[in-house]
Amino acid sequence: MDKPFAYSTKEFNAVRHKIRTLTGINLADSKDNMVYSRLSRRLRALGIDSFDGYLRYLDANQTETEHFINALTTNLTSFFREAHHFEKLKEYLLSHPAPQRIWCAASSSGEEPYSIAMTCAEARGALTNNIKIVASDIDSRMLERAEAGIYPIDQVEKLSPVRRKQFFHRGKGANAGKARVVPELRKSIVFFKQNLLDTHYAVDAGIDIVFCRNVMIYFDKPTQEIILKRILDKMKPDSLYIAGHSENFSHLAYLMRPLGKTIYQVNRQSA
Ligand SMILES: C[S@@+](CC[C@H](N)C(=O)[O-])C[C@H]1O[C@@H](n2cnc3c(N)ncnc32)[C@H](O)[C@@H]1O
């Protein structure tokens, strides 16, 4: 890789230390080039010519922290990713007609909470106040995208024609090639910024279902346990915790028990 900015293992390790302290994210040795290419954009934007200079700028300017975090998060997501979780959600909602509160705790650019909202609308026959959805992420750019609810048409075309018709408006003119989530669906979700490493979570207790998928994999095991306990503090006994496909909490059976397919039920004493 051709590297116009001065960058060595020393700077890579300093970046790793900083992002871990700020977010809990552990960057493996193999992420060396990823760090270089993502942060190079910040160096260019700021007119800084070395990583050492950038790290000094970061320490001196509080406002850069947000850009630094946004640059280093991995935001891969899609509508109805790991579709079996949404089938399970629908089944659960059909057998639990009481009001439900759902928290999507690493919502990235919004495809996941909108998939939750579509599933709720389908299970209840329409969007209803009977279900409250909140969605959070650490990355402010992703939250802006999620709130806007505008997606490239090729992503939306993967959905069924019924869902496309009910939940999206196709863009025209300057917005050709894009589709926007309908206002009722957008309004059904409250988005907010939340770093899962923080000790305080801006969510009221009594959550029935948490989707916390494909984010714990970035944290080490002790950090996962600390974060999981804080999330469970916000959840009802016997509520559902839905994890990502490669996340496993079977070693934390004292907190929640596996129901299969990376869905867990919160133990009574841990909620
Ligand atoms: C790979 S995406 C997963 C998105 C979605 N949950 C899914 O499974 O499709 C991981 C998300 O976790 C967020 N994230 C990383 N560290 C975080 C932290 N400390 N607190 C909250 N969100 C974090 C990232 O910004 C990113 O949007």
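The values are calculated or read from the model by the stated rules, or taken from the named source; none is laboratory data. Please read these numbers as outputs of a predicted model, since none were measured by experiment. All Cβ positions, glycine included, derive from the backbone under ideal geometry; neighbour counts span all protein chains shown. Heads up: the accessible areas ignore ligands, DNA and RNA and are worked out on the full protein's heavy atoms, side chains in. Shrake-Rupley method; radii C 1.70, N 1.55, O 1.52, S 1.80 Å.
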So if I check each of Ile48, Ile25, Ile19, which one is buried (at least 17 other Cβ atoms within 10 Å of the Cβ), touching a residue at least 60 places away in the same chain (Cβ under 8 Å) and not assigned by TED's automatic domain parsing to the domain that holds Glu225? Ile25
Step by step: first the residues of the stretch 52-111, then only those that are more than 11 Å from the ligand (Cβ to nearest atom) and assigned to a loop (DSSP other than H, G, I, E, B), then the one that is most open to solvent (accessible area, probe 1.4 Å). Which residue is that? Gln62
How do the strands (runs of 3 or more DSSP E) wholly within the stretch 192-271 filter down when requiring 1 or more residues that are open to solvent by 40 Å² or more (accessible area, probe 1.4 Å) and either touching a helix residue (DSSP H, G or I) at 6+ places or on another chain (Cβ under 9 Å) or of a type outside the set (Phe, Trp, Tyr) (or both): which remain? 235-243, 256-260, 263-266
Pairs needed: first member in the stretch 212-227, among the hydroxyl-bearing types (Ser, Thr, Tyr); second member anywhere, surrounded by fewer than 19 Cβ atoms within 10 Å (Cβ to Cβ); C-beta distance under 8 Å; at least 6 residues apart or different chains. Tyr218/Asn26; Tyr218/Thr74; Thr223/Leu197
